[in-house]
Amino acid sequence: MPEYEKHLYMIVFPINALVASQLDPEKFGEHYTLGSAKHFSGKVIFAELNINFRNPYFEIDEYLKLTVPHEDGLPKKTKFICSYNVLEHVDLKAIEKLFLVTTNGKVLPIEPAEYTAYNQPGLIRIYQEVSPLETLVASTKDQREFGKFITSQKAKGAPKICFTQIEFDIEKFLESNKNKEIFNIELPAVNPYRFYDCIMILKKHPEKLTKTISLGSLLRDISYKFLRHGFWFAAGDELKFFPMPSETDLENKYFYWWKFVR
């Protein structure tokens, strides 16, 4: 019977689940998007956790014991450990690498960075919460402050969160819709009038720091090309950042992923 290395994967999008697998990250991403009709048709985001990570909430050891090759010698592709409240019980230090999967199964690995992006105070940013929430939010908080804010209050937050920033020219949107009765916006499934109202409230009322634009995730419809900076995992003051590679690196090092991004 062949021996396969075991992996712990946390799926971040489109669901949040902890999975054991004998597939390497490239094969896991391909299997999840293309290899099984019962899984998913669309982009997938997942992270590899340190194989030694343990939390009493998860029965990791028990499921790893069950993650063994099939009788025909093929590796066990997925063994779901948990599909509820997963990120909330994962130590951010255990997240070793993030993977972005295209709809045709191409996988981009992203290493964590020691720094995080920082913009000037007061700049309005558009954040897409990825997991466990899926809210689209406009905020004048930078990424570190936004992550701390969302994970420190219960009304519209969570103990831990993964989020990204949408690349969107707000001033261009305001100018292109100036004096028009019918507004247009390039973000899919976003009400342009609601978006406009949220932006104007933040501009006119500095004491307002965040406004909810819409519920539900843009990640199902928007290209990876429209994500700014990368992805953040936050838990209070703790922040783990996975930066998107530069366009030069994407074209030179990850061409076979980049050419399939839509």
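Counting helices only, and only those DSSP H runs with n ≥ 4, report the 222 nm mean residue ellipticity of the chain as the sum of -39,500 (n - 2.57) divided by its residues, in deg cm²/dmol to the nearest 500.
Working: 7 runs with 51 residues, N = 262.
My calculation for the chain gives -5000 deg cm²/dmol from helical runs alone.
Projecting label points 7 angstrom from Cα along Cα→Cβ for Lys97 and Asp72 puts them 2.8 nm apart.
Can you give the relative contact order of segment 68-130 as a percent, counting alpha carbon pairs under 8 Å and 6+ residues apart?
Numbers: 25 pairs, mean separation 10.2, N = 63.
With pairs under 8 Å counted, the relative contact order is 16 percent.
In debye, nearest 20, what is the charge dipole magnitude of segment 42-161 about its Cα centre with +1 on Lys and Arg Cβ and -1 on Asp and Glu Cβ, if you could check? Mind dumping the intermediate values first?
Values: 16 positive and 15 negative charges, 72 e Å.
The dipole of segment 42-161 has a size of about 340 debye.
A Gaussian network model of the chain, with springs between Cα atoms under 10 Å, assigns the largest mean-square fluctuation among Leu133, Leu187, Leu18 to Leu187.
Could you work out the Kirkwood radius for segment 125-242, taking every pair of different alpha carbons, averaging 1/r and inverting it, reported in Å? Taking the inverse mean of 1/r over all distinct Cα pairs, segment 125-242 comes out at 14.7 Å. From the alpha carbon centroid of segment 143-213 to that of segment 236-261 is 24 Å. Between Phe183 and Leu215, the C-beta separation translates, for a Förster distance of 25 Å, into a calculated FRET efficiency of about 0.80. Bridging of Lys79 to lysines at a Cα separation below 29 Å is possible for Lys6, Lys27, Lys38, Lys43, Lys65, Lys93, Lys97, Lys106, Lys160, Lys240, once same-chain residues fewer than 8 apart are set aside. Counting only alpha carbon atoms, the long axis of helix 192-204 and the longest principal axis of the chain meet at about 70°. Placing unit charges on the Cβ atoms of the charged side chains and taking the dipole of the chain about its Cα centre, the candidate lying farthest along the positive direction among Ser217, Asn85, Asn55 is Ser217. Under a model in which nothing but the beta-carbon of Lys, Arg (+1) and Asp, Glu (-1) is charged, the chain shows a dipole of about 740 debye around its Cα centre. Taking amide H atoms as placed 1.01 Å from N in the peptide plane, the amide H of Glu134 lies under 5 Å from those of Gly216, each 5 or more residues away in sequence or on another chain.
Bear in mind that the values in this text are calculations on the coordinates, not laboratory data. Small disclaimer: the values here were computed from a predicted structure and weren't measured. Don't worry about glycine lacking a Cβ; one is built from the backbone with ideal geometry, like all the others, and counts go over all protein chains shown.
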